[in-house]
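The values are calculated or read from the model by the stated rules, or taken from the named source; none is laboratory data. Fair warning: this is a prediction, and the values are worked out from it, not measured in the lab. For neighbour counting, all protein chains shown are included, and Cβ atoms are generated from backbone atoms with ideal geometry for every residue, glycine included. Note: accessible area is taken over every heavy atom of the protein model, side chains too, but ligands, DNA and RNA are not part of it. Shrake-Rupley method; radii C 1.70, N 1.55, O 1.52, S 1.80 Å.
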Amino acid sequence: KLRRSMLYVPGNAPAMLRDAHIYGPDSVMFDLEDSVSPREKDAARHLVFQALKHYDYAGVERIVRINGLDTAFGLEDIAAVVCGGVDAVRLPKTDGPEDIIAVEQAVAAAERRFGRPAGSVKLIAAIESARGILAVREIATASPRLIAIAIGAEDFVTDMHTTRSPDGVELLAA
């Protein structure tokens, strides 16, 4: 599927959740990770679940960037968004194929639990470290659910102990 545009929407912004599709993006990515403070994670998850369940996005692909499975929020995020009807889950900070496999297993369990067809929820990996770049071939082949890989530029340059430049030359090797 061609994704020319992807609109990022904080999961804790109800009005933005409701109206995200009106701008005509190919995809909308609801963020439960970096744009949501720890004290708002549960409320944001509930808002995103309700948006997925009740709003008509007029054919716009619905993606949710979850919190990592190494946090207290990741598994609950997966359950809520799979139950809500998400099209794809974006994994943050993917460093190796084991990250994909762990999320795939959690998504498969949620599909069974909520009666979704097996394999209906796709995955997108965010590579945000040098380790992830070095493992990208293994990441890319870790699951048939994986439909895209993205570079998380800010975290990547932080991991590389550098800063973003106006021309983004520091991202070219990645």
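Would you point out which residue out of S5, S27 is touching a residue at least 24 places away in the same chain (Cβ under 8 Å), closer than 18 Å to I124 by Cα and out of contact with any His (no Cβ under 7 Å at 6 or more places or on another chain)?
On the way: S5 fails: touching a residue at least 24 places away in the same chain (Cβ under 8 Å).
Criteria check complete, one pass: S27.
Listed conditions (1) open to solvent by less than 50 Å² (accessible area, probe 1.4 Å); (2) part of a helix (DSSP H, G or I); (3) not small (G, A, S) are all met by V64, apart from (2).
Candidates are the residues of segment 29-59 that are open to solvent by 20 Å² or more (accessible area, probe 1.4 Å) and in a loop (DSSP other than H, G, I, E, B); the one that is nearest to L91 (Cα to Cα) is D34.
Every condition in (1) open to solvent by 50 Å² or more (accessible area, probe 1.4 Å); (2) part of a helix (DSSP H, G or I) holds for K93 except the one numbered (2). Residue-level check: of (1) within 20 Å of P10 (Cβ to Cβ); (2) β-branched (V, I, T); (3) within 14 Å of the chain's Cα centre (by Cα), V121 misses just (1). Of all residues in segment 91-118, those that are in contact (Cβ under 8 Å) with a residue 40 or more places away in the chain have Cβ atoms under 9 Å from Cβ atoms of residues that are among the basic types (K, R) and assigned to a helix (DSSP H, G or I), 6 or more apart or on another chain, in D95/R131; G96/R131. Of all residues in segment 110-146, those being open to solvent by 30 Å² or more (accessible area, probe 1.4 Å), touching a strand residue (DSSP E or B) at 6+ places or on another chain (Cβ under 8 Å) and part of a loop (DSSP other than H, G, I, E, B) number 0.
Quick check on segment 80-90: of everything there that is among the hydrophobic types (A, V, I, L, M, F, W, C) and in a helix (DSSP H, G or I), which residue is surrounded by the most Cβ atoms within 10 Å (Cβ to Cβ)? Show your work before the answer.
At the first step, the residues of segment 80-90 found to be among the hydrophobic types (A, V, I, L, M, F, W, C) are 80-83, 86, 88-89.
Checking the rest, the ones that are also in a helix (DSSP H, G or I) come to 80-83.
On the way: A80: 25, V81: 28, V82: 25, C83: 17.
Checking each candidate, the answer is V81.
May I ask you to verify whether D70 is open to solvent by less than 30 Å² (accessible area, probe 1.4 Å), free of Cβ contacts under 8 Å to residues at least 40 places away in the same chain and either of a type in the set (D, E, K, R) or under 25 Å from G96 (Cα atoms) (or both)? It is false that D70 is open to solvent by less than 30 Å² (accessible area, probe 1.4 Å), free of Cβ contacts under 8 Å to residues at least 40 places away in the same chain and either of a type in the set (D, E, K, R) or under 25 Å from G96 (Cα atoms) (or both). The residue of segment 1-28 that is farthest from the chain's Cα centre (by Cα), among those that are among the hydrophobic types (A, V, I, L, M, F, W, C) and open to solvent by less than 80 Å² (accessible area, probe 1.4 Å), is A15. Among residues of segment 1-28 being hydrophobic (A, V, I, L, M, F, W, C), over 13 Å from R62 (Cα atoms) and not in a helix (DSSP H, G or I), the one that is modelled with the lowest pLDDT is L2.
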